[in-house]
Amino acid sequence: DIQMTQSPSTLSASVGDTVTITCRASQSISTFLNWYQQRPGKAPNLLIYAASFLQSGVPSRFSGSGSGTDFSLTIHSLQPEDFATYYCQQTYSTLWTFGQGTKVEIK
Amino acid sequence: QVTLKESGPVLVRPTETLTLSCTVSGFSLNSARMGVTWIRQPPGKALEWLAHIFSNDESSPSTSLKSRITISKDTSNSQVVLTMTNMDPVDTATYYCARITRLYGGAVYYSDYWGLGTLVTVSS
């Protein structure tokens, strides 16, 4: 199975900051990479698909980039509602896998 | 309006078989562009992909759970069913179903609508 490794595991930031989360695949996955946000007690919410495409309704402060094995999710000007856990997911192989998550917490 | 709703037991005994249903509305399980996936999340831990199924019954289970998991669909009732045998306390988790949208002839997949999830506890 393709392993997905996110870093950091936890990120402390303030409202208004710009933060970047990275996701590394154990083999090349082209751009078959999605990002999800999960707030406590809620189901995940799709932010970015195919590495860089913003899902409809998602604020433009979220952006994704990368291809091959290295990907990133950037959040510009953090808002209070952005403090949550973020997951990457690869759909390159028929056996999908998630990263272990990155928690963005208030500094 | 697209909705998905998970249903099933909240408590399962060790060694028993878990059967969960995902009832969908707002889209068809016959659509070539759609599928349904199951994901679980143990308390305080990360998401774990379990399986998915598409309109042509093409399905894939997780490698680590392949011997225990079956996924099927009942198109007439708009349901996708996940069964997991030989349940263990480590299987305690919130189980989510989600819609899969696929684009570009199946090259791009993502889960754009999710159910609220159902917490299943495995305990004697």
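Data table
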{"quantity": "Conditions (1) within 16 Å of residue B:100 (Cα to Cα); (2) part of a loop (DSSP other than H, G, I, E, B); (3) of a type outside the set (D, E, K, R): number failed by residue A:41", "calculated": "(1)"}
{"quantity": "Residue check, residue A:49 in contact (Cβ under 8 Å) with a residue 24 or more places away in the chain, crowded, with 19+ Cβ neighbours inside 10 Å and within 9 Å of chain B (Cβ to nearest Cβ)", "calculated": "no"}
{"quantity": "Test: residue in segment A:69-88 that is under 23 Å from residue B:40 (Cβ atoms) and surrounded by fewer than 17 Cβ atoms within 10 Å (Cβ to Cβ)", "calculated": "no"}
{"quantity": "Of the criteria (1) over 14 Å from the mean Cα position of the chain (by Cα); (2) crowded, with 17+ Cβ neighbours inside 10 Å; (3) more than 20 Å from residue A:1 (Cα to Cα), which one residue A:29 fails", "calculated": "(3)"}
{"quantity": "Of the criteria (1) within 14 Å of chain A (Cβ to nearest Cβ); (2) in contact with a helix residue (DSSP H, G or I) (Cβ under 7 Å, 6 or more places away or on another chain), which one residue B:122 fails", "calculated": "(1)"}
{"quantity": "Complete set of residues in segment A:91-107 that are part of a loop (DSSP other than H, G, I, E, B) and either in contact with a helix residue (DSSP H, G or I) (Cβ under 8 Å, 6 or more places away or on another chain) or on the phi > 0 side of the Ramachandran plot (or both)", "calculated": "A:95, A:101"}
{"quantity": "Selected residue (criterion: nearest to the other protein chains (Cβ to nearest Cβ)) from residues of segment B:12-40 that are more than 18 Å from residue B:80 (Cβ to Cβ) and either surrounded by 12 or more Cβ atoms within 10 Å (Cβ to Cβ) or among the polar types (S, T, N, Q) (or both)", "calculated": "B:12"}
{"quantity": "Criterion (buried (at least 19 other Cβ atoms within 10 Å of the Cβ), under 16 Å from residue B:32 (Cα atoms) and out of contact with any helix residue (DSSP H, G or I) (no Cβ under 9 Å at 6 or more places or on another chain)) met by exactly one of B:104, B:110, B:96", "calculated": "B:110"}
{"quantity": "Among (1) touching a residue at least 40 places away in the same chain (Cβ under 8 Å); (2) surrounded by 19 or more Cβ atoms within 10 Å (Cβ to Cβ); (3) within 13 Å of the chain's Cα centre (by Cα), the one test that residue B:83 misses", "calculated": "(2)"}
{"quantity": "Selected residue (criterion: farthest from residue A:40 (Cα to Cα)) from residues of segment A:52-79 that are outside any loop (DSSP other than H, G, I, E, B) and either in contact with a Ser or Thr (Cβ under 6 Å, 6 or more places away or on another chain) or at pLDDT below 95 (or both)", "calculated": "A:67"}
{"quantity": "Count of segment B:26-50 residues which are of a type outside the set (Asp, Glu) and within 15 Å of the chain's Cα centre (by Cα)", "calculated": "13"}
{"quantity": "Test result for residue A:93, at pLDDT below 95 and either closer than 15 Å to residue A:11 by Cβ or at the interface with chain B (Cβ under 10 Å from one of its Cβ atoms) (or both)", "calculated": "yes"}
{"quantity": "Segment B:105-119, subset within 9 Å of chain A (Cβ to nearest Cβ) and not in a loop (DSSP other than H, G, I, E, B), residue modelled with the lowest pLDDT", "calculated": "B:108"}
{"quantity": "Residue that is farthest from the other protein chains (Cβ to nearest Cβ) [pool: residues in segment B:65-91 that are farther than 17 Å from residue B:15 by Cα and out of contact with any strand residue (DSSP E or B) (no Cβ under 8 Å at 6 or more places or on another chain)]", "calculated": "B:76"}
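The values are calculated or read from the model by the stated rules, or taken from the named source; none is laboratory data. If you're wondering where the values come from, they're calculated on a predicted model, not measured in any experiment. Here Cβ is always computed from backbone atoms with ideal geometry, including for glycine, and neighbour counts include all displayed protein chains.
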